[in-house]
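The values are calculated or read from the model by the stated rules, or taken from the named source; none is laboratory data. Just so it is clear, the model here is predicted, and its values are computed rather than measured. No Cβ is skipped: glycine too gets one built from the backbone with ideal geometry, and neighbour counts run over all protein chains shown. For the accessible areas, the whole protein counts, side chains as well, though only heavy atoms, and no ligand, DNA or RNA atoms are used. Shrake-Rupley method; radii C 1.70, N 1.55, O 1.52, S 1.80 Å.
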Amino acid sequence: MLQQTRFIQKIASLTDQFDNPFVDDTFMRASEGFFTASALDCVQSGGYRLPFEHVRNASSLGVPIVRFLAHGSSPIGGAFFNPDGVHVREEAAFHAALDQLTAEARADVLLWPFFPLEAREYGWLEKWLVTRLGRSDASDVIPMARRHKRAYLNCASDNVAAEDGGMSLSRNKRKTTGRQWRRLSDLGKLEVLSTQDGLDYGEAIESFLHVEASGWKASKGTALAVDERLNAFVHKVFSEMMAKDRARIDLLSLDGRCIGGLVSFRVGRGLFTWKTGMDDVYKRYSPGVQILLEASRQAIADPGIDYIDSLADSGHPIAEHIWAGRRSMALLFVPLNRRGTLAARGLRTAYVARDSARYWAKRALGRV
C-alpha cells in the first residue's frame, strides 16, 4: 500500500504544474480584440493572474458569463506566473484571486478552458466553491467538458518507462530517427541553432516563418506567415517576450538553410512548445521530430527546466510518440454563486451538444 501511495505521489508531481506564459502582460494585451472578442480584465493575488473576458454568445442562456484567457493559441488554463522566483503557490492567494474575480466580473459562471486537473489548484477550487455555495461537499459542483490528455515531458528523467513521464521513443523509433539524422548529415553540415545561444532573434523568426510556410500549414492557411495580422502579432509578442527571456526559437540548419524550427515560451520551471515547422523537401528525414528531440535533450540537461508542456491536442502524431507523460485538461464551468449552479450545468449540456454536432458534421464531410 505504501509503495502504491508513493507511485501515485510520483505521478502527481510530474503533472502538478500551473505555470502559464500566456498570462504575461505582453501576450495578454496583444490578445485583446485579436484572440478575444473584447477587452480583457485581470485580477492578481500573489503569483496568480486571472485574465478574463465577458462572453456574449448563443450558449450564454441569458446569464452573465466570463471566460479565462485560454484558447487554441494559448491552450493552458494555468494561472500561476512567477518568472522572477518571488512567489509560491498558496491556497490563500488562489482563493483571494477568485474572490477578486467574482467581485469584479459580476457574472454567474466562469468558463475555464484547458484547466490542468492534476494541479493542486483544482482541489483548492473545489474547497472555495464548497464555502462560497454553502455546500457540504464538492460532488458535482464543477461540470466539465472536453476532457483530454496532453503529451508532457518530465525533464528529470530520460527513461523510456511511461510511468515516469520521460522520453518514450521505442527502440525502432530511436533507430529510425538516428538513421534519419545520419542521412541528413550526409547531405551537408547539420546544426541546431538557438536564440538561447546567441542566434539573432530577427534572423531566427524570419527563418522560422519561412520554413513553416514551406510545409502543409501554408496550404491549410494555418502558417503564421500567411495571415498578415497573425504575422504582425507574432513579431510583436516574440520580440517583447524574448527581450524578457520568456521565449526562444530553435532551428535545424542544413548548410545554413533552415529545414526545421520550433518556437517556445518559457516561464517558471517550464518550457512550452508553441509552434513547429519543417521544410517538406526534407520530410522523409522528419526534421520536425528531430528539432523536438534536440529541444527535449537540451531541456533534460538544463537544471532550470523541470518539464515541457507540448501544448498539443490529444492524439498529436509527434509529441505523443516521443514524450510519455500525460496531463489531463478540461473545460470547467465554474458557478460563481448559487444562481450560477444551474446555469453551469445548462452551459455544459449546450457545449457538449454543440461539440457533438460539429463532430458529426466533420465526419459527414470526411474530415475526421
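Quick notes on this one:
- Choice from Ala105, Ala353, Ala312 with maximal GNM fluctuation in the chain (Cα, 10 Å cutoff): Ala353
- Relative contact order of region 42-143: 30 percent, from C-alpha pairs under 8 Å at least 6 residues apart in sequence.
- Accessible surface, per residue, of the chain when the full set of protein chains is kept, probe 1.4 Å, Å²: 46
- Cut-off of 10 Å, at most 11 other beta carbons, DSSP loop: longest stretch of the chain lacking such trypsin sites (Lys or Arg not before Pro): 221-366
- For the chain, a Kirkwood radius taken over Cα pairs fed into Stokes-Einstein (37 °C, viscosity 0.692 mPa s) yields D = 150 µm²/s.
- Amide H contacts for Ala312 (H built 1.01 Å from N in the peptide plane; partners 5 or more residues away or on another chain; cut-off under 5 Å): Ala151.
- Among complete DSSP H helices in the chain, those whose alpha-carbon atoms stretch at least 15 Å along the helix's long axis and whose mean Kyte-Doolittle hydropathy reaches -0.5 are 2-15, 91-105, 201-212, 228-243, 287-301.
- Net charge dipole, the chain: roughly 1560 debye, given to the nearest 20, about the Cα centre with Cβ charges of +1 for Lys and Arg and -1 for Asp and Glu.
- Charge tally for Ala145 (other residues, Cβ to Cβ under 9 Å; Lys, Arg +1; Asp, Glu -1): +2.
- Set of region 253-271 residues, backbone N closer than 19 Å to the point 7 Å along the Cα-Cβ line of Glu206: 253-263
- Label point distance in nm, Leu342-Ser139, each placed 7 Å from Cα along Cα→Cβ: 2.2
- Mean-square fluctuations from a GNM of the chain, with a 10 angstrom spring cutoff on Cα atoms, peak among Val281, Val234, Val334 at Val281.
- Within the accessible area of region 251-290 (1.4 Å probe), percent carbon and sulfur: 43
- A helix-only calculation puts the chain at -12500 deg cm²/dmol for mean residue ellipticity at 222 nm, using -39500 (n - 2.57) for each DSSP H run of at least four residues, averaged over all residues.
- Along its three principal directions, the equivalent ellipsoid of region 208-251 from the Cα gyration tensor extends over semi-axes of 21, 12, 6 Å, largest first.
- Label positions at Leu187 and Ala232, each projected 7 Å from the Cα along the C-beta direction, are separated by 3.6 nm.
- Remark on Cys155: its backbone amide H falls under 5 Å from those of Tyr307, Ile308, a criterion applied only to residues 5 or more positions apart or on other chains, H modelled at 1.01 Å from N.
- Overall shape: oblate for region 76-151, with the ratio a/c of the largest to smallest alpha carbon gyration tensor axis at 1.5 or above and b/c at least equal to a/b.
- Positive end of the dipole of region 45-96 (Cβ unit charges, origin at the Cα centre): among Gly78, Ala96, Gly46, the Cα lying farthest that way belongs to Gly78.
- Cα gyration tensor shape for region 172-243, rounded if a/c is under 1.5, else prolate or oblate: oblate
- Dipole of the chain, positive end: most advanced residue of Val63, Leu199, Leu224 [Cβ charges, Cα centre]: Val63
- Computed in the context of the full set of protein chains, the accessible area of region 298-356 at 1.4 Å probe radius has 54% of its extent on carbon or sulfur.
- Region 321-365: C-alpha gyration tensor shape, a/c 1.5 cut-off, then a/b vs b/c: oblate
- Of the cross-linked pairs Lys173/Lys217; Lys189/Lys244; Lys175/Lys275; Lys220/Lys283, those separated by over 21 Å at the C-alpha level are Lys173/Lys217; Lys189/Lys244; Lys175/Lys275.
- Here's how it looks for His71: its modeled amide H is under 5 Å from those of Ile76, which are all 5 or more places away or on a different chain.
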